[in-house]
Amino acid sequence: MEQMNITSAQYSVDNVTGNNVSIQATIDGVQMSVPLDPANRHYAEIMRQVEAGELVIQDADS
Amino acid sequence: MSRARDLANVADDVSTGTVVTTASPSLGRRNLIINGAMQVAQRGTSFSVSGNSYTLDRWLLTYGSSAAVTSTVTQESDTPTGSGFASSLKVETTNTVAPDTNKNFGCQYSFEGQDLQMLSYGTSSAKNLTLSFWVKSSKTGTYGLQVLSNGKTRTILKSYTVDSANTWEQKTILIEGDTSSGIDNNNAQSLRVIWPLYTGPDDIYATTGWFANGAFLSVPDQVNLFDATGATWQITGVQLEVGSVASTYEHRSYGEELAACQRYYWRFAGSSGNGYAGIGSGGFINATLFNAFVPYPVEMRASPTFSIGTSLYVVTSGFPSISSINANFGNQHSGRVQFTTTSSTAGFGGSAHTSNASTSFFDADAEL
């Protein structure tokens, strides 16, 4: 099946803990806030593309 | 014979009022498909499709290998006369593309594995399924029907024929149980039912029965809907039920279908007339970050992806506008969303909401 077109991905952090909590991504032209849940189809596709060397998730803005 | 035994053995043919004593089809909830009557359309009623796209709730227009086809998908009020349906899903081609290698396009419905354990796939007791639906197309001929199982590793191919152009026809297809491979008992995508509308020659198979192949496939002589611009294919009244007999369509209320759809996707949207949809209450942690607790209409399948439209605001001492979602702390039960806004005041409470513009919405997506 067709893969998603992901043109950007960047972690978002919890302001209190400093931990990554989600990913801001542009998927098929839409800005999305993606949870770090392997059962989420957007997160699963982001990680598949990362593992395939097709995508890099940028660190959160400091 | 006990009352319970009576009920277990009775199947009521609703269309004729005839009551027969047979164990199949079963009473109670029969249709495994959500929104088979195409009545729920939270995302909208018209879509330009050029890549994988969820359209009417639960219905995905799916691509294989970057097929170049494009179409418009709409919710229509055109339905089979006297069938009791009010809506249908219509695909209308907007370009012309010849079948090409392994490229594909079709309409797909998919299930969570935990909802199909009663099929006993992977055992000698694997149950048959019966699929029934109404279809109308401008192009007559043979159309494939693919069922993919077990995490996209097993396939069975069926077909149906559109006999008359631009005429509603009801089709019934028996899908034999897969005795060789089971379905995982979890919330992941398991069984998919695909109605191919465009298939490249490399993905045409004449194989019958279940076989090991996870690709997007169809049958010999598959119609190419995209051999002309403006060709149409329309569907409604989709019912998938356990057993080898198709029963009359199980109509459910709009509210019941909407709630079932919301496990996978929901939208809080503005609308002219009754305006502003509340998203959630919370407070500013600094001048431009507003944390809101977002209750969901129902528990979702998984932690959802959030996205927004335009013209959203926070009601506080003023009305700072929301420009983006900064972070998503949600799980499948409820959400906490951190919005980026125009300037306000740290410590102030408030509530996030849409405006009454049609482009103003907050989405949660946990689709398969």
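Return the Rg/Rh value of the protein assembly as shown, two decimal places, where both radii are evaluated on C-alpha atoms and Rh is the Kirkwood radius.
1.00
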Largest-first ellipsoid semi-axes for segment B:58-202, taking √(5λ) over the Cα gyration tensor eigenvalues, angstrom
27, 20, 14
Select from B:Met300, B:Met38, B:Met118 the residue whose mean-square fluctuation is largest in a Gaussian network model of chain B (Cα-Cα springs shorter than 10 Å).
B:Met118
Within segment B:285-316, what residues put their amide N at less than 11 Å from the label point 7 Å along the Cα-to-Cβ vector of A:Ser8?
none
GNM result for chain A, Cα springs below 10 Å: residue of A:Asp28, A:Asp37, A:Asp14 fluctuating most strongly:
A:Asp14
What's the tally of Lys pairs in chain B whose alpha-carbon atoms lie under 23 angstrom apart, where the two lysines are 8 or more places apart or on different chains?
16
For the protein assembly as shown, what is the charge dipole size about the Cα centre, in debye to the nearest 20, if Lys and Arg each add +1 at the Cβ and Asp and Glu each add -1 at the Cβ?
580
Extension gain, B:Ala98 back to B:Ser66 (0.36 nm per residue minus Cα-Cα distance, nm):
10.2 nm
Residue of B:Val193, B:Val315, B:Val337 that the Gaussian network model of chain B assigns the largest fluctuation, springs spanning Cα pairs under 10 Å
B:Val315
For B:Thr288 and B:Thr153 in one chain, what is 0.36 nm times their gap in residues minus the Cα-Cα distance, to one decimal in nm?
43.8 nm
Once B:Ser124 and B:Ala259 are pulled to full extension, the length gained, defined as 0.36 nm per residue separation minus their Cα-Cα distance, is 45.1 nm
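Pull out a ≥ b ≥ c, the square roots of the eigenvalues of the alpha-carbon gyration tensor of segment B:63-137, then state rounded if a/c is under 1.5, prolate if not and a/b is larger than b/c, and oblate in the remaining case. It would help to have the intermediate numbers written out before the result.
Details: a/c = 2.79, a/b = 1.28, b/c = 2.17.
Verdict is oblate for segment B:63-137.
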FRET efficiency estimate (nearest 0.05) - Cβ-Cβ, A:Ser62 to A:Val16, R0 22 angstrom
0.90
Check: C-alpha center segment B:141-214 vs C-alpha center chain A, spacing in Å is 32
Taking every pair of alpha-carbon atoms in chain A, give the share separated by more than 14 Å as a whole percent.
54
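The numbers here are math on the coordinates, done by the rules we state, and not lab data. Bear in mind the structure is a predicted one, so any value in this text is a computation, not a measurement. Positions of Cβ are generated from backbone atoms using ideal geometry, with glycine treated the same way; all protein chains shown enter the neighbour counts.
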